Amino acid sequence: MPSTPSDSDLCELHRRAGRLDEAAAHGRRAVALDPGDAACWYNLGVVLYDRLEVAASISCERRAVRLRPDWPGPHFELAEGLLLSGQWEEGWREYEWRWRLRGVPPLVPPALLTRGGPSAPRPWDGRPMPEGTLLLVADQGFGDSIQFARYLPMAAALCPTLLVACSPEILPVIRALPGGYRIVTDWEAAPPFDAYAALSGLPGLFGTRIDTVPPPLSGLRAEPERVERWAARLDGLLPRGYRRVGLVWAGRPTHGNDHNRSLTLARLAPFFALEKTALVTLQKGPAQAEAARYYGAAPLVDLGPELESFADTMAVLGQLDHVVCVDTAVAHLAGAMGRPTAVLLPYAPDWRWLLGRGATPWYPTVTLHRQPGPGRWDEAIQGAVAVVAGGRIRASGRPDRR
């Protein structure tokens, strides 16, 4: 006969189903019954994070860490709670436990670390390296790579010979950055290097605090030929003098938290009625099909099928007056380019957006619109509508062709 699920198991099962009150009740019962089980404290800490009881979540994960110091899971959840609540000094240290999580591949293929014999490449500790080559790896998601690319000039000031490894998808963004970095997209083509680090580890190496976040890189611009082509295309498709608002309502379905961060195009209906406004969808992936079922007063142009890469997306972003999107790569790209952007956030957001703020130190032109409770998108959307409707037409600085 199958065994009866424990309270700790039920805590996690209910959390995944979005039944957070029941999950928390089972989690509290589990730690009361077996306070020496690290897994019980870990699972309760995770659900308390989702309930935005961050201080309590941190306490649970600390308890789990004390019980099982070498278990990566509680360390990583502790990091997320610390970072979300602004406790970045300790948070960055705990964040490094992500490399020990099950299923996380090594930052650099082991074969590249052994080909140098006694002088094999070493992890970079953040200290100056005037000689030799430093490899920086654009790890994690596309949004993370865009967010942390701002540290490249700081690293280059300490290590003049810099090599950036990134996926082919993010190549157009890294290539568009000022600095002319040497880039590799295939490990087999990687030249020798002496030290390496993850882009996502640079905030910790540089001791970043909320008040010392480096600004996004100035000069991130699309290729002039693409800008010209997309400007002509949009001018031919959209009414003259209308406010242009880009929309992205869903992230990658494979993302672990996608069910919380994504919504449907229909939920953005308040934007459909804005006067003198044209909507431009930048949505990719399965959710892109929703644009074909659009009914609204505002003109809508679906560019998703035509956007072949981030190079095209950058060129289109430069033609828009405002961008409205969920927490996905376009939010980071628009913010890095200095575009006015409204980001819709779930009740328990990713750590980088902090708590209770309408703005973010990572992107000065981004406003944050948060769910006041799990699943409550309406208030967040209305806040974004108010920001967009209050903006001036042609706020982007593009010439208004009359």
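Around the Cα centre of the stretch 79-142, unit charges on the Cβ atoms of Lys, Arg, Asp and Glu (plus for the first two, minus for the last two) sum to a dipole of about 320 debye. Considering the options Q283, M314, W353, tell which one lies farthest towards the positive end of the dipole of the stretch 282-358, charges being +1 on Lys and Arg and -1 on Asp and Glu at the Cβ, about the Cα centre. With unit charges placed on the Cβ atoms, the residue in question is W353. FRET efficiency for the pair A190 and H259, taken as 1/(1 + (r/R0)^6) with r the Cβ-Cβ distance and R0 = 35 Å, rounds to 0.45. Mind checking which of E225, E379, E22 has the largest fluctuation in a GNM of the chain, springs on alpha carbons under 10 Å? Checking each option, the largest mean-square fluctuation is seen for E225.
Residues in the stretch 382-390 carry Karplus couplings, in order, of 4, x, 5, 4, 4, 5, 5, 5, x Hz; the curve used is 6.51 cos²θ - 1.76 cosθ + 1.60 with θ = phi - 60°, and Gly or Pro positions show x. When the Cα positions of P128, P372, F206 are compared along the charge dipole of the chain, P372 comes out farthest toward the positive end, with charges on each C-beta of Lys, Arg, Asp and Glu.
The alpha carbon centroids of the stretch 333-387 and the stretch 266-330 are separated by 17 Å. The distance from the alpha carbon centre of the stretch 55-103 to that of the stretch 176-192 is 32 Å, rounded to a whole number. Computed from backbone phi with θ = phi - 60° and the Karplus coefficients 6.51, -1.76 and 1.60, the 3J(HN,Hα) list for the stretch 79-96 is 4, 5, x, 5, 5, 4, 8, x, 8, 6, 4, 6, x, 5, 5, 5, 4, 5 Hz; x is used for glycine and proline.
In this structure the amide hydrogen of A198, modeled in the peptide plane, comes within under 5 Å of the amide hydrogens of V137, none closer than 5 places in sequence on its chain.
Take the Cβ atoms of L13 and S167, set R0 to 41 Å, and the FRET efficiency comes out at 0.75. Computed on the chain, with alpha-carbon pairs under 8 angstrom and 6+ residues apart, the relative contact order is 13 percent.
With a cut-off of 13 Å between beta carbons, the residues surrounding L33 carry a summed charge of -2, where Lys and Arg count +1 and Asp and Glu -1.
Give the calculated FRET efficiency between A386 and L158 to the nearest 0.05, with a Förster radius of 45 Å applied to their Cβ-Cβ distance.
It comes out at approximately 0.55.
Per-residue extension of 0.36 nm, minus the Cα-Cα distance of R229 and Y294, leaves a gain of 20.8 nm for this segment. Dipole magnitude for the chain: about 1000 debye, using +1 per Lys or Arg Cβ and -1 per Asp or Glu Cβ, origin at the Cα centre.
A simple spin-label model places pseudo-atoms 7 Å from Cα toward Cβ; at A266 and A56 they are separated by 3.5 nm.
All of the numbers you see were taken from the coordinates with simple rules; none came from a lab. Given the structure is predicted, the values throughout are model-derived calculations rather than measurements. Ideal geometry is used to build each Cβ from the backbone, glycine not excepted, and the neighbour counts take in all protein chains shown.
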